[in-house]
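Enquirer: Below is a structure I'd like to ask you about.
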Amino acid sequence: MTLKDQLNLDRLPKHVAIIMDGNGRWAKQKGLVRVIGHENGTKSVREVVEASAEIGVKFLTLYAFSTENWQRPKIEVQTLMKLLVKSLKKEIKTLQDNKIRLAAIGCLNDLPTKARKELEFVMEQTKTNNHMVLTLALSYGSREELIQMVKEVSHKVKNNIISEESIDDSIINKHLYTQELPDVDLLIRTSGEQRISNFLLWQIAYAELYFTSVLWPDFNKENLYEAFLDYQNRERRFGKTSEQLN
Ligand code: IPE
Ligand code: IPE
Ligand code: MG
């Protein structure tokens, strides 16, 4: 039986988030420049997006560029931004064919104009697609997101738009970039690193974490199914006892 056949389609993670890591090391291992790793990483993006949509994942969120990644060498940053534009142009057909809506989270104003425009164009073109929401985290930092949320909420309290007493989970959610997304069910990180690197700190409160040593450019459908199977073999208790669940 294939890995895919072993999956219980009624118990798929609804929201999958991925920290796509290891492009640089993949290239280095092959004696190539880091940029080639990023180029090959885009193939994994397509494979994972298609496989997720096909199997029935409703929300897929990909960490593509962090607020901290701006500190990388200028040439690498420029190449990543060019790759983003190129991929958006190339993949719009994949998105339309699979009825995928593109969304983005992060400080999008910090992106080069060309990248932001292309992103806005594809988001507009795909806005009525309802099979899956693909969210790209670009110039994204969770702390930055939380800081702007605190600022907005406190501004509203100060101006009597909301009361201090009314602040709860749902008010906080409404002021995050991810306001239209449910909590993350499964967080995958490739490349063997076991850290969160400032990604969706609030949204992963009860996510299942899955770390694999596979480098992102090598990550394929089978690796994704392996992660889903692992997820399906876990018991999500949300604080309750096992007996209460059964
Ligand atoms: C992930 O791969 C891509 C981005 C962070 C943009 P890396 O570029 O971080 O690859 P490693 O971690 O150096 O191998
Ligand atoms: C996290 O990867 C960011 C993305 C995958 C976009 P990094 O490679 O930047 O993370 P650190 O620096 O190893 O924590
Ligand atoms: Mg890395």
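Enquirer: Using only C-alpha atoms and all pairs of different ones, pull out the Kirkwood radius for the stretch 64-103 in Å with one decimal.
Expert: Working: mean 1/r = 0.0866 Å⁻¹.
Roughly 11.6 Å, rounded to one decimal.
Enquirer: Additional query: Among 29, 232, 203, which one shows the highest mean-square fluctuation when the chain is modelled as a Gaussian network with alpha-carbon springs under 10 Å?
Expert: Comparing 29, 232, 203 in a Gaussian network model of the chain, the most mobile one is 29.
Enquirer: Same structure, new question: Go through the stretch 180-186 residue by residue and turn each phi into a ³J(HN,Hα) via Karplus (6.51, -1.76, 1.60, θ = phi - 60°); whole Hz please, and just put x for glycine and proline.
Expert: Result, ordered by residue: 8, 10, x, 4, 6, 8, 9 Hz.
Enquirer: Over 10 Å intervals from 0, what percent of Cα-Cα pairs in the stretch 84-173 sits in each interval?
Expert: Histogramming the stretch 84-173 at 10 Å steps yields 15, 35, 26, 19, 4 percent.
Enquirer: Turning to a different aspect of this structure: Which value, to two decimals, describes the C-alpha radius of gyration of the stretch 132-246 once divided by 2.2 N^0.38 Å?
Expert: Details: Rg = 17.5 Å, N = 115, 2.2 N^0.38 = 13.4 Å.
The value comes to 1.31.
Enquirer: Counting other C-beta atoms within 10 Å, and keeping those with at most 12, which DSSP coil chymotrypsin sites (Phe, Trp or Tyr not before Pro) do you find in the stretch 46-96? Don't skip to the end; give the middle numbers.
Expert: Working: sites: 59, 63, 65, 70; in loops: none.
Passing both the DSSP loop test and the Cβ count: no residue.
Enquirer: Among 113, 135, 42, which one moves the most in a GNM of the chain with springs linking Cα atoms closer than 10 Å?
Expert: Evaluated over the chain, the most mobile residue of the options is 113.
Enquirer: Oh, and also: Calculate the length of the line joining the C-alpha centroid of the stretch 99-164 to that of the stretch 12-71, in whole Å.
Expert: Using only Cα atoms, the two centres lie 20 Å from each other.
Enquirer: Relative contact order for the chain: what is it in percent, counting Cα pairs under 8 Å that are at least 6 residues apart?
Expert: Numbers: 366 pairs, mean separation 71.5, N = 246.
It comes to 29 percent, rounded to a whole number.
Enquirer: How far is it, in nm, from the label point at residue 131 to the one at residue 167 when both lie 7 Å from their Cα along the line to the Cβ?
Expert: About 4.2 nm separates the two model spin labels.
Enquirer: Among 74/99; 151/221; 43/127, which pairs are too far apart, with a Cα-Cα distance over 32 Å?
Expert: Pairs exceeding 32 Å: 74/99; 151/221.
Enquirer: Next question, about the same structure. Could you compute how fast the chain diffuses translationally, taking Rh as the Kirkwood radius over C-alpha pairs and applying Stokes-Einstein at 37 °C with viscosity 0.692 mPa s? Give it in µm² per second.
Expert: Details: Rh = 19.1 Å.
The calculation lands on 171 µm²/s.
Enquirer: Further question: Could you give me D for the stretch 2-75, from Stokes-Einstein at 4 °C and 1.567 mPa s, where the hydrodynamic radius is the Kirkwood radius over C-alpha pairs? Units µm² s⁻¹, please. Could you put the intermediate results ahead of the total?
Expert: Details: Rh = 14.3 Å.
D, rounded to a whole number, is 90 µm²/s.
Enquirer: Only sites in a loop by DSSP and with at most 12 other Cβ atoms within 10 Å count here; which trypsin sites (Lys or Arg not before Pro) in the stretch 141-208 make the cut? Present the calculation step by step, with values, prior to reporting the outcome.
Expert: On the way: sites: 143, 151, 156, 158, 174, 189, 195; in loops: 195.
Hits after loop and neighbour filter: 195.
Enquirer: For residue 104, what residues show an amide H to amide H distance below 5 Å, using hydrogens built from the backbone and excluding near sequence neighbours?
Expert: Placed amide hydrogens put 136 under 5 Å from residue 104.
Enquirer: Once you put a point 7 Å from the Cα of residue 159 and another 7 Å from the Cα of residue 107, both along the Cβ direction, what distance in nm separates them?
Expert: The modelled label-to-label distance comes out at 2.3 nm.
Enquirer: Amide H neighbours of residue 20 under 5 Å, at least 5 residues apart or on other chains, H built in the peptide plane: list them.
Expert: Under 5 Å from the amide H of residue 20 lie the amide H atoms of 63, each far enough along the sequence or on another chain.
Any read-out appearing in this document is the output of simple, stated calculations on the displayed coordinates, not a laboratory observation. Every value quoted in this text rests on a predicted model; they were computed, and no experiment measured them. Heads up, the Cβs are rebuilt from the backbone with ideal geometry, glycines too, and the neighbour counts pull from every protein chain shown.
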